[in-house]
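Working notes, beginning with the structure itself.
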Amino acid sequence: GAVVSQHPSWVICKSGTSVKIECRSLDFQATTMFWYRQFPKQSLMLMATSNEGSKATYEQGVEKDKFLINHASLTLSTLTVTSAHPEDSSFYICSAASGRAGGTDTQYFGPGTRLTVL
Amino acid sequence: AQRVTQPEKLLSVFKGAPVELKCNYSYSGSPELFWYVQYSRQRLQLLLRHISRESIKGFTADLNKGETSFHLKKPFAQEEDSAMYYCALSVGGGGNKLTFGTGTQLKVEL
């Protein structure tokens, strides 16, 4: 089946530093990848949609200069949290879609990355 | 804008009892509805989607456009069904961005 990996699975950093999270589709090519954020005991909130080779589309209220997304290949998207602060501490989840036509396309989710900013 | 509502944060049932997890949505067009499940310490995975009209692990869900609902049902709950269930909506198919409900924690007790 389709597998999506994320790296790292958890990271602790100091306030003011930048953190990069990788999302990879391991056995399929993902035309679109999504980045979500999940606070404890809350639902997933979409942050941005990234398509390979083009700029990401950010949801309202998400700072694009703070959450840099790069989708350089069909199997890799990265999320960089720049100048991280404690309020950025959260669980970040990516998903990838293969772009199959015919109404059968599905998003496959990564295991998530726990970011803690001290 | 689209919205998904799951009114119950926690649903506790006994093994063998029927289960119904409620989901209501608001969207003026024709959305696609999904149920995702997250077992303990595992990633989110697709359980079923309304266009497939299939039963997965004994679960079914029917899209009711009149009531704008997509409730998840299972006639006899099993212990292994204990998990977090999220209802989600997309416009234009499963490969497009998803709007999630707040989730319902299902606990099946012996």
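The values are calculated or read from the model by the stated rules, or taken from the named source; none is laboratory data. This is a predicted model, so every value here is computed, not measured. Counting neighbours? That spans all protein chains shown, and the Cβs are built from the backbone with ideal geometry, glycine included.
If the condition is being surrounded by fewer than 13 Cβ atoms within 10 Å (Cβ to Cβ) and touching a Lys or Arg at 6+ places or on another chain (Cβ under 9 Å), then region B:62-75 contributes only B:Asp62.
Any residue that is among the hydrophobic types (A, V, I, L, M, F, W, C) and either in a loop (DSSP other than H, G, I, E, B) or more than 23 Å from A:Ser95 (Cα to Cα) (or both) - is there at least one of those in region B:92-102? Scanning region B:92-102 turns up no residue that is among the hydrophobic types (A, V, I, L, M, F, W, C) and either in a loop (DSSP other than H, G, I, E, B) or more than 23 Å from A:Ser95 (Cα to Cα) (or both). Looking only at region B:58-71, decide whether some residue is on the phi > 0 side of the Ramachandran plot and either within 12 Å of chain A (Cβ to nearest Cβ) or at pLDDT 90 or above (or both). Within region B:58-71, one or more residues are on the phi > 0 side of the Ramachandran plot and either within 12 Å of chain A (Cβ to nearest Cβ) or at pLDDT 90 or above (or both).
Restricted to region A:1-112, the set of strands (runs of 3 or more DSSP E) holding at least 1 residues that are more than 12 Å from chain B (Cβ to nearest Cβ), more than 13 Å from the chain's Cα centre (by Cα) and not acidic (Asp, Glu) comprises A:10-13, A:67-73.
Suppose we filter A:Ser95, A:Ser43 for residues that are free of Cβ contacts under 8 Å to residues at least 12 places away in the same chain, crowded, with 17+ Cβ neighbours inside 10 Å and within 18 Å of B:Ala88 (Cβ to Cβ); which single one remains?
Being free of Cβ contacts under 8 Å to residues at least 12 places away in the same chain, crowded, with 17+ Cβ neighbours inside 10 Å and within 18 Å of B:Ala88 (Cβ to Cβ) holds for just one of A:Ser95, A:Ser43, which is A:Ser43.
Filter region B:1-34 down to the residues that are in contact with a Phe, Trp or Tyr (Cβ under 6 Å, 6 or more places away or on another chain) and not in a loop (DSSP other than H, G, I, E, B), then identify the one that is surrounded by the fewest Cβ atoms within 10 Å (Cβ to Cβ).
B:Leu33
Which one is farthest from B:Ala17 (Cα to Cα) among residues in region B:76-97 that are among the polar types (S, T, N, Q) and surrounded by 15 or more Cβ atoms within 10 Å (Cβ to Cβ)?
If we take residues in region B:76-97 being among the polar types (S, T, N, Q) and surrounded by 15 or more Cβ atoms within 10 Å (Cβ to Cβ), then B:Asn96 is farthest from B:Ala17 (Cα to Cα).
Cβ separations smaller than 7 Å between residues 6+ apart or across chains give the following pairs from region A:1-15 residues that are surrounded by fewer than 14 Cβ atoms within 10 Å (Cβ to Cβ) to residues that are among the β-branched types (Val, Ile, Thr): A:Pro8/A:Thr113; A:Ser9/A:Thr113; A:Trp10/A:Thr113; A:Ile12/A:Thr116; A:Ser15/A:Val117. Screening B:Ala83 on (1) modelled with pLDDT of 95 or more; (2) more than 11 Å from chain A (Cβ to nearest Cβ); (3) over 25 Å from B:Leu110 (Cβ atoms) shows it passes everything except condition (3). Note on region B:35-47: residues that are outside any loop (DSSP other than H, G, I, E, B) and in contact with a Leu (Cβ under 8 Å, 6 or more places away or on another chain) total 5. Whether any residue in region B:35-50 is in contact with a helix residue (DSSP H, G or I) (Cβ under 9 Å, 6 or more places away or on another chain) and among the aromatic types (Phe, Trp, Tyr) is what I want to check. Looking through region B:35-50, at least one residue is in contact with a helix residue (DSSP H, G or I) (Cβ under 9 Å, 6 or more places away or on another chain) and among the aromatic types (Phe, Trp, Tyr).
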